[in-house]
1. Name the residue, out of A:LYS144, A:LYS155, that is within 14 Å of chain B (Cβ to nearest Cβ) and touching a residue at least 60 places away in the same chain (Cβ under 8 Å).
2. Name the pairs whose Cβ atoms lie under 8 Å apart, with the first residue in segment A:287-306 and over 19 Å from A:GLN325 (Cα atoms) and in the same structural domain as A:VAL271 (by TED's automatic domain parsing), the second buried (at least 19 other Cβ atoms within 10 Å of the Cβ) and small (Gly, Ala, Ser), and 6 or more positions between them or separate chains?
3. Is it the case that some residue within segment B:208-217 is within 9 Å of chain A (Cβ to nearest Cβ) and either more than 21 Å from B:PHE234 (Cβ to Cβ) or open to solvent by 10 Å² or more (accessible area, probe 1.4 Å) (or both)?
4. Against the definition (in a helix (DSSP H, G or I), open to solvent by less than 60 Å² (accessible area, probe 1.4 Å) and farther than 18 Å from A:TYR177 by Cβ), how does A:VAL223 come out, yes or no?
5. Report the residue count in segment A:228-282 for those that are within 19 Å of A:GLU299 (Cα to Cα), open to solvent by less than 10 Å² (accessible area, probe 1.4 Å) and within 14 Å of chain B (Cβ to nearest Cβ).
6. Taking only segment A:174-192 into account, find how many residues are touching a residue at least 60 places away in the same chain (Cβ under 8 Å) and closer than 19 Å to A:ALA225 by Cβ.
7. Go through A:LEU157, A:LEU234 for me and flag whichever is in a helix (DSSP H, G or I), in the same structural domain as A:PRO77 (by TED's automatic domain parsing) and in contact with a strand residue (DSSP E or B) (Cβ under 8 Å, 6 or more places away or on another chain).
8. What's the total number of residues in segment B:103-134 that are open to solvent by 10 Å² or more (accessible area, probe 1.4 Å) and in contact with a strand residue (DSSP E or B) (Cβ under 6 Å, 6 or more places away or on another chain)?
Amino acid sequence: MPGMSMVQALNSAIDVMLGRDPDVVIFGEDVGYYGGVFRVTEGLQKKHGDHRVFDAPIAEGGMLGTAVGMGAYGLRPIVEIQFADYIYPATDQLISAAARLRYRSGGEFWAPITVRAPCGGGIFGGQTHSQSVEAIFTHVCGLKTVIPSNPYDAKGLLISAIEDDDPVVFFEPKRLYNGPFDGHPDRPSVPWTQHPQSEVPDGYYTVPLGQAAVARPGDAVTVLAYGTMVHVALAAAEEAEIDAEIIDLRTLLPLDIDTVVDSVKKTGRCVIAHEATRTCGYGAELAALVQEHCFYHLEAPIVRVTGWDTPYPHIFEWEYFPGPQRVADGMRRAIEG
Amino acid sequence: MPRFAAGAVERPDIAVPAQQTHPLAYQLIRVLDDEGAAVGAWDPKLSPETLRRGLRAMMLTRAYDDRMFRQQRQGKISFYMKCTGEEAIGVGQAFALAPDDMLFATYRQQGLLIARDWPILDMMCECYSNSHDRLKGRQLPVLYSARAASFFSLAGNLGIQYPQAVGWAMASAIKGDHRIAASWIGEGSTAEPDFHHALTFASVYRAPVILNVVNNQWAISSHQEIAGGEAATFAARAIGFGLASLRVDGNDFLAVYGATQWAAERARANHGATLIEMFTYRAAPHSTSDDPTRYRPENEGRNWPYGDPIERLSRHLIRLGEWSPERHKQLEAELVDYVREVGREAESYGTMQTGPHFSVRTMFEDVFKEMPWHLRRQRQELGV
């Protein structure tokens, strides 16, 4: 099996699905001839034709609006939003139309759309190329929200998302595109090739939506994380020598509640880590669920380690980013109570 | 504004470059003159039988509207919206399109469904949110969905259907399908970005779609000038996008039919999309929640220079010797009886007030194709 970066794994997922299903199309800004600014669609237009892989005008609302119509026709459109920060103009079509179409039409119409968007910081992108906006979408009934943390999952989850008959918002942590990132910006970057989860089959396979993975088993404390923060939490556990159980949620909605509850009941302690801003972030929902399901097993208050409630700053990126030190401190607080 | 004469506008070949249609954005395509004669190049030359079917569908639409409006006043439904004065648009356009062309309408084109012979019983049950409402009581009255009639689920968010129609048309083109899409938007909602998106994508991808702007002068209490209608016609919005543009007397069944037929042939032959401004007048209030006496002169509708679409088509048929005032009156009475009879059947399946409705359990269905655990638990929490 070839070692793939996350970019290559995503490209492979789209390639496989374009090949398997004549109803799959993908479009977005710079997606066609150029192959996408992060190269995720490189070579796909040449291989599958410009009626299946094509550029879109700079109009995210127009992309989602036309995708809803394509879905109603019977296609399975994949829309690439160049950065998650640019998804806001598309939210009306996503929330008012795509998410509610099946419901409002009594099941007559639906929107089998996958919206892909690079999210998160760590590349000095400033406030318009760094945001983690997942909680806006997990709050919307009718949408599924997915964030992979490695190439194997990225491909398997994206194929599941494309095959899903409901709209899926698929956020790709851009700092993980070309290598795992443990939250130490001062250390040399590591490519995916040395990582076990870069072993990605060439062909079709799926990772089901709604299933979390245990990224590191442990007994001392549960860390709920997704995307880049999975790698940061792994580094924190190793560096602080804490036997943490790190859960990679993979799908935020629908959430794999059983894996979360089993782990917290076992450890009695819970840290929630995400890069997004804190207030009303996805961690707030996780904290509520953990106390609803595990209150009598908790030995200490639940700890949230998150981005601050500020726009993503350009120059203070690493003060904003919840790195391994902050995650380790959070684990200690949860353990010490 | 000048009053445009019937028959004065030239009819270009369907294959002309879009630019050659742009002068038409500042004219008004009319076929029926003041005496009820059909004149000029846009006359679709329909058979008397088709004209009578069109007249009947418009009259049924009006009778249906009248009854449902009163049902709201009696508290049997929560809300209603009439299309009085605009019946020629829904009915005439549905007649000119193929039955499987896909329609992305607004709440004021109920005539599309009626012209496609969709049962008004089904529409009434939706308005009553009763046990036969296929939308399971989830939608406001009038926000129909009828996949079997190629009629897309209506939204209350204005304008969002416009780019969706373009996307459907793009998909049809990608698949080499013969079907085209058509969409409608009110002149007020042309200020929304969705309008701009739809025209951009329709132009860039040469989508086989007809984009209609129903300019009925009023967006609730806002006159069309608040959407920029005094600075340029709504048909002229097509010019900057390189789309074909037509401006049509929307109260003239034959002009509506002729223009739609032209745009449909053009789209089907892959010559691109057409923006059609349907120039009309909203004779009724915006909805049952609206009181137009507070913002517009009471006699404005009566003075509308282009008359009433039903009266005009009726006069035309009478002139042809294919109709009479007596037959008109008789049909009117028959349709009132018919709507009342169907209404009684619909009410027997429940009204909003009295039920029966769908089971509360169904509230949790269709959010997703398969119900996830959190919705199952919420349903249990409600105890249903």
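The values are calculated or read from the model by the stated rules, or taken from the named source; none is laboratory data. Here the structure is a predicted model, which is why all the values come from computation and not from measurement. A quick note on method: Cβ atoms are made from the backbone with ideal geometry, for glycine too, and the neighbour counts reach across all protein chains shown. The accessibility values were calculated without ligands, DNA or RNA, using every heavy atom of the protein model including side chains. Shrake-Rupley method; radii C 1.70, N 1.55, O 1.52, S 1.80 Å.
1. On the way: A:LYS155 fails: within 14 Å of chain B (Cβ to nearest Cβ).
On inspection, the qualifying residue turns out to be A:LYS144.
2. Close Cβ pairs (under 8 Å, with a partner that is buried (at least 19 other Cβ atoms within 10 Å of the Cβ) and small (Gly, Ala, Ser)) amount to A:HIS297/A:GLY268; A:LEU298/A:GLY268; A:GLU299/A:GLY268; A:ALA300/A:GLY268; A:ALA300/A:ALA334; A:PRO301/A:ALA334.
3. No, that holds for no residue.
4. Details: in a helix (DSSP H, G or I): no; open to solvent by less than 60 Å² (accessible area, probe 1.4 Å): yes; farther than 18 Å from A:TYR177 by Cβ: yes.
Judged against the criteria, A:VAL223 is not a match.
5. Within segment A:228-282, residues that are within 19 Å of A:GLU299 (Cα to Cα), open to solvent by less than 10 Å² (accessible area, probe 1.4 Å) and within 14 Å of chain B (Cβ to nearest Cβ) number 1.
6. Taking segment A:174-192 first, the residues touching a residue at least 60 places away in the same chain (Cβ under 8 Å) are A:174, A:176-179, A:182-185, A:191-192.
Still in the running and closer than 19 Å to A:ALA225 by Cβ: A:174, A:176-177, A:179, A:182-185, A:192.
Count: 9.
7. Step by step, each of A:LEU157, A:LEU234 is checked, and only A:LEU157 is in a helix (DSSP H, G or I), in the same structural domain as A:PRO77 (by TED's automatic domain parsing) and in contact with a strand residue (DSSP E or B) (Cβ under 8 Å, 6 or more places away or on another chain).
8. Summing the residues that are open to solvent by 10 Å² or more (accessible area, probe 1.4 Å) and in contact with a strand residue (DSSP E or B) (Cβ under 6 Å, 6 or more places away or on another chain) in segment B:103-134 gives 2.
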